[in-house]
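J.: Can you read through this structure? Questions will come right after.
The values are calculated or read from the model by the stated rules, or taken from the named source; none is laboratory data. This is a predicted model, so every value here is computed, not measured. Heads up, the Cβs are rebuilt from the backbone with ideal geometry, glycines too, and the neighbour counts pull from every protein chain shown. Heads up: the accessible areas ignore ligands, DNA and RNA and are worked out on the full protein's heavy atoms, side chains in. Shrake-Rupley method; radii C 1.70, N 1.55, O 1.52, S 1.80 Å.
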Amino acid sequence: MLIKRNWPLALLILVLGIAAPSRSSALPKPPHHTPAKTPTKYEKILHDVGEMIAEIHYSPRPIDDSFSSEVFHKYINGIDPEKKILMQSDINSLRRFQYTIDDEILGKAPVQFAQAVNDIYRKRLQESEALYKEILSKPFDFTKDEYVDLNDDRLNFPKNETEREEGLRLRLKFIALEKYSELLDQAKTGKDSATAHATNAQLETLARQKAMRSMDLYYSRLKVKANDNDRFNEFVETIVQCEDPHTDYFPPVEKRSFDEDMSGRFFGIGASLKDDDGTIKIATLLTGSPAWKSGQVNVGDAILKVAQGSQEPVDLTGYTVPDAVKIIRGGKGTEVRLTLKKTDGTIKVISLIRDEIVQDEKFARSVIVNTVKGKIGYIYLPEFYADFENQNGNRCYIDVAKELVKLKEENVDGIVLDLRNNPGGSLGDVVEMVGLFVNQGPVVQVKGRESRPIVLEDHAKGALYTGPLTVMVNEFSASASEIFAAAIQDYKRGIIIGSTSTFGKGTVQRPYPLERSDMGMDSGLGTIKLTMEKFYRISGGSTQLRGVASDIVLPDAYEHSKYREKDQPDALPYDVIARASYAPFRTNYNINTIAGQSNDRIKNSDVFNRIGTDADWLDKESDQPYPLNIDKYRHRQEEVRDTVAHIEKLGKLPQPMNLAFLAVDSAKYSADKDKGDRYHAWLNALSTDIYLRETVTVMGDMITQKNLVRN
């Protein structure tokens, strides 16, 4: 029987109960305990997570022994993927929990597994730390023929101390070898006084010192993350990720970060950070921000500590830049105190009041591409962002509409919408955005686990833009990007151009806080982002797993990357539902003819053929063990480096295209010098983009064919 929660009514409608767990383990279980009447915070989190998954998730797995075993293995492999901390004997000792994690989730046993792992991990971490220091204290022989396998999936936990030491030794030798090779290159130039006249033995010593520094930083970060709360949060994340790759658990600070990413706005100090050899430093300041206004923060300052108001400061030793950012940001009008080490070596504590920072570089922007066949408008949309908390906040479909209006005023002959690397975002916004390009009608179908499909439609009559349209995508265009591309393709509204297929995320998630108080206040237990629905094309097929296949395929370096949905073991399956009722868009050009012309160009393109050949070679080479002999290592690195450089060179035009910012945007790009410099660097890189050039060429074919039909 499920415990009644004060969850929103929409969730309670979906309540179906929990399937009875199976018991098929031959291994002994720990003694059964009856949880205390007042559950601990960890127990509350696990219980709520388990219940919400069972009640709400689109396709919940039974929380049983099989599920428990998968969580067990994923969690242990996740906290020590390189198998250099834990031992096989540790895994064996923890097997008593392999089939009882489900009991912890269901409230039938106290929460003990994560803590038991943490206790062992902390002890082994100290041993591993001492071991790497001992290994790096002795010289390496880089003339010896040895190899190291860096594919974590092929590694096993060491059975004894000898195996652990040998595995760690090979990893450390590889790290030192990388640095030794770099030092050899520096020595050849003679520009670095530390290496100019050094012997090979001295360079080897210096390489181990650099490796030691890297490992000190790495283990420092591991120790920061080895506290009970962080390890437990990782445990909960592992549990929900066994349901599907897009169900997530957010502790409170992580949820705030998620909301900031969605809205493009946050409250902070207005400084970007960088990692300088393990030290967090100020990289840039935003004009008009709290840090800039204070006059006390400068580029190059090191941030040693961060305090929330009058609270005890947190030492940033071992922190990554993303972790440091999370504690520097906070609520509007709140105080944050930074302990800075100035560039002159002095230490200074300053107080700043957080204010709203707008990340407008994450918002839609446009430029003009001038070609012999016409003036092309180009719109870049990095995310389907939406600021739900702010009535006047940015919404991507509104911003894209504004860019379309500006481009129409420039009398462009066609539009390119760039969704490459766009991870998705707001479902509502993508529906509205499709409506900017097609007349009213269905855009996407959404289906819950037991409900009939719901067709989400654009209800606005007419389209804001009806001219030639191409949509650029790649392997990392996901979710809302795929909905947009699929709708444009199904309506035959435009041409999809890019990689063989998009990412393949065809599921819908919504965040819900765990147990709330009777007053409706957040309990501080965190938030679970649940996969609740799948979306389907209006033609009936899902984008799940398969993504959207491009009308025109452009070879790229990432075709073989294992990051698509289909590469995730717990991804939900592909399926098909009934087609929605819709009429294709009427255009003055034939998409099949245009695509055929482009495909012929690409097939006969020496540049694109060489990119494809190089990508195939890199894919095969990347999975091979690495040589630890300096000559073989340098030969292989030279081959890899030359191939990567070759792909990068091939991807850039020898002569840039004629691109220009819109005159009405001049103020946006000149108000802040640093920001303006970044925008201009982006424009310059875009002007030599071979993929944009082919897309613009396709657009020229569309314009030509449209004009022929019109005449």
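J.: If each residue of separation counts as 0.36 nm, what is the full-extension length gain between residue 593 and residue 440 once their alpha-carbon separation is subtracted?
T.: Contour length minus the Cα-Cα distance gives 52.4 nm.
J.: Let me ask you something else. Using a simple spin-label model with points 7 Å from Cα along the Cα→Cβ vector, what separation in nm is obtained for residue 299 and residue 601?
T.: 3.9
J.: A follow-up question, please. Carbon-plus-sulfur fraction of the accessible area of the stretch 344-465, 1.4 Å probe, in percent?
T.: The computed percentage sits at 47.
J.: So what are the three principal axis dimensions of the stretch 529-676 from its Cα atoms, in whole Å, longest to shortest?
T.: Ordered largest first, the stretch 529-676 gives principal extents of 64, 49, 42 Å.
J.: I would also like to ask the following. Can you give me the % of accessible surface on the stretch 595-689 that is carbon or sulfur? Probe 1.4 Å, all protein chains present, nothing else counted.
T.: It is 52 percent, rounded to a whole number.
J.: Could you pull the Rg and Dmax for the stretch 92-166, using just the Cα atoms, both in Å?
T.: Radius of gyration, then largest Cα-Cα span, for the stretch 92-166: 17.7, 58 Å.
J.: Moving to a separate point now. Report the normalised scattering of the chain as log10 I(q)/I(0) at q = 0.07, 0.09, 0.11 Å⁻¹, calculated by the Debye formula with identical scatterers on the alpha carbons.
T.: Those come out to -0.59, -1.01, -1.49, one per q.
J.: May I ask you to derive the FRET efficiency for residue 390 and residue 213 from their Cβ-Cβ distance with R0 = 35 Å, giving the value to the nearest 0.05?
T.: About 0.20, to the nearest 0.05.
J.: Then there is this: Can you tell me the relative contact order of the chain? Whole percent, Cα pairs under 8 Å, sequence separation 6 or more. Don't jump to the answer; show the numbers that get you there.
T.: Numbers: 1281 pairs, mean separation 83.4, N = 711.
The value is 12 percent.
J.: Is there a pair in 305/332; 179/326; 281/675; 123/225 whose C-alpha atoms are over 22 Å apart, and which pairs would that be?
T.: Cα-Cα > 22 Å for 179/326; rest within.
J.: Moving on to the next point. Starting with the highest mean, order 210-216, 573-579 by the number of other Cβ atoms within 10 Å, averaged over the residues of each peptide.
T.: 210-216, 573-579
J.: Please compute the modelled spin-label separation between residue 539 and residue 421, points set 7 Å along Cα→Cβ, answer in nm with one decimal.
T.: 2.9
J.: Still on this structure, please answer the following. Mind running the shape call on the stretch 197-348? Use the C-alpha gyration tensor, a ≥ b ≥ c as the square roots of the eigenvalues: rounded below 1.5 for a/c, prolate if a/b tops b/c, oblate otherwise.
T.: Details: a/c = 2.11, a/b = 1.14, b/c = 1.85.
It comes out oblate by the Cα gyration axes.
J.: When all protein chains stay in place, what accessible area (Å², nearest 10, 1.4 Å probe) is found for residue 617?
T.: Surface accessible to solvent at residue 617 totals approximately 80 Å².
J.: Could you calculate the contour length gain from residue 335 to residue 272, that is, 0.36 nm times the residue separation minus the distance between their Cα atoms, to one decimal place in nm?
T.: Computed gain between residue 335 and residue 272 is 20.9 nm.
J.: Against the 2.2 N^0.38 Å scaling, with N counting residues, where does the stretch 336-420 land? I'd like the Cα-based Rg ratio to two decimal places.
T.: Expressed relative to 2.2 N^0.38 Å, the Cα Rg reads 1.69.
J.: Here is a follow-up. Which lysines have a Cα less than 17 Å from the Cα of residue 41, not counting those fewer than 8 places away in the same chain?
T.: 108
J.: Rounded to the nearest 0.05, what FRET efficiency do residue 510 and residue 570 have when you use their Cβ-Cβ distance and R0 = 22 Å?
T.: Once rounded, the FRET efficiency stands at 0.70.
J.: Would you mind getting me the FRET efficiency between residue 161 and residue 361? Use the beta-carbon distance for r and R0 = 30 Å, nearest 0.05.
T.: Efficiency for this residue pair is about 0.05.
J.: Express the accessible area of the chain per residue in Å², computed with a 1.4 Å probe while the remaining protein chains stay in the model. Write out the running numbers ahead of the final one.
T.: Numbers: 32830 Å² over 711 residues.
Per-residue accessible area for the chain comes out at 46 Å².
J.: When the solvent-accessible surface of protein heavy atoms is calculated with a 1.4 angstrom probe, in what order do 426, 581, 66 fall, highest first? Show your work: numbers first, answer last.
T.: Numbers: 426 5, 581 105, 66 75 Å².
The residues order as 581, 66, 426, largest area first.
J.: With +1 on each Lys and Arg Cβ and -1 on each Asp and Glu Cβ, and nothing else charged, work out how big the dipole of the chain is about its Cα centre, in Debye to the nearest 20.
T.: 760
J.: Would you calculate the separation in nanometres between label points at residue 182 and residue 96, each defined as 7 Å from the Cα along the Cα-to-beta-carbon direction?
T.: It works out to 4.6 nm between the two label points.
J.: With a 1.4 Å probe and all protein chains kept in place, how do 153, 614, 65 rank by accessible area, largest first?
T.: 153, 614, 65
J.: Could you give the length gained on full extension between residue 649 and residue 353, defined as 0.36 nm per residue of separation minus the Cα-Cα distance, in nm?
T.: My answer for the length gained is 102.0 nm.
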